[in-house]
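Below is one structure, written out as structure tokens, with a few remarks after it.
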Amino acid sequence: MLQLSSPYYRPFLKWAGGKSKLIEQYIPHFPQSFTNYYEPFLGGGAVFFYFCNVKPDANKVISDINPELINTYCCIKNNVEPLIELLNTHQEQHDKDYYYRMRSHFQGSDIERAARFIYLNKTCFNGLYRENSQGRFNVPMGKYKNPTICNSDLLRSVSLALQSAEVSLKPYSDIKAKNEQDFVYFDPPYYPLSSTSNFTTYSRYIFKETEQIKLRDTFAKLASRGVKVMLSNSDCALVRELYADFNIYEISAARAINSKAEKRGKITELLITSY
């Protein structure tokens, strides 16, 4: 059994739209009590890892529709040591040619795919996960002099956190939250503020206005059962209109994903709760 002394759980991936820097603003809005926690747009899992630290006894169910992401979480949970060995190999061989060779190589065993996923995440531009219409990863290499590709201690702590979590590949509509003992946090791809700001569409599964409406309907249905539901999204007219019947809070966030430095900076996001 994997054991660490008093681990502090935190994300192991860089992730566009990750919530690590926003947790302090979220804390006042988290529900005071719940038994079961669901996070169906997992991504980097910052909120999940936060609750691993502060509510270790809660049942945690995490999921996503990205098969490579979920495969990586499962491999860390069940086979972290072989994964670390492969990542050390990537660390030793990393250079520009190696990066693009690995980017084009999308087959292999589950552990090989997980190691490739982490390797690309640590070495690509801004940790951005983006796929083309065929589901192929297509982000260019980032400008890092000596990226840390294998953080063994962090991966082992993540493996420990995942031992008590249910990890699955499924859409948000399949979650089984039923009543007031359940807390669901939705962190969907944000509705774009402009035609050029859609950087959180991280896969070939497009999340446009129709999907935003379907998600709102799921949010409302869960809330009607007494489930505690929280959702984060961009601060725009559509989102404010969709969730006008719920509690809407403004969160100050940093816009980090932009090739032009002058277009980075503080923006307002929305945090919505049913309770």
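None of the figures in this text is laboratory data; all of them are computed from the coordinates on show. Predicted model, so just to flag it, every value in this text is computed and none were measured. Heads up, the Cβs are rebuilt from the backbone with ideal geometry, glycines too, and the neighbour counts pull from every protein chain shown.
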Length gain on complete extension for the stretch E241 to Q107, per 0.36 nm per residue less the alpha carbon to alpha carbon distance? 43.9 nm
Treating the angle as unsigned and between 0 and 90°, give the value, to the nearest 10°, between the Cα long axis of helix 67-78 and the longest Cα principal axis of the chain. 80
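Quick one: putting +1 on the C-beta of Lys and Arg, -1 on the C-beta of Asp and Glu, what dipole do you get for segment 73-156 around its Cα centre, in Debye to the nearest 20? Before the final figure, lay out each step's value.
Details: 12 positive and 9 negative charges, 76 e Å.
Once rounded to the nearest 20, the dipole reads 360 debye.
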Each label sits 7 Å from Cα toward the beta-carbon; between S252 and Y275 the label points are separated, in nm, by 2.7
Using label points projected 7 Å from each Cα along Cα→Cβ, tell me how many nm separate E92 and K178, to one decimal. 5.2
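By how many nm would the segment from T210 to Q134 grow when fully extended, if each residue of separation counts as 0.36 nm and the alpha-carbon distance is taken off?
Values: separation 76, 0.36 × 76 = 27.36 nm, distance 2.17 nm.
Taking 0.36 nm per residue and subtracting the Cα distance, the gain is 25.2 nm.
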Binned at 10 Å from 0, what are the whole-percent values of the Cα-Cα distance distribution for segment 73-156, short to long? 18, 53, 28, 1
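May I have the count of lysine pairs in segment 73-156 with C-alpha atoms under 15 Å apart, counting pairs 8 or more residues apart or located on different chains? Show your work: numbers first, answer last.
On the way: K96/K122; K96/K143; K96/K145; K122/K143; K122/K145.
Lysine pairs satisfying the spacing and distance rule in segment 73-156 number 5.
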Treat each spin label as a single point 7 Å out from the Cα along the C-beta direction, and report the I27 to L169 distance in nm. 3.7
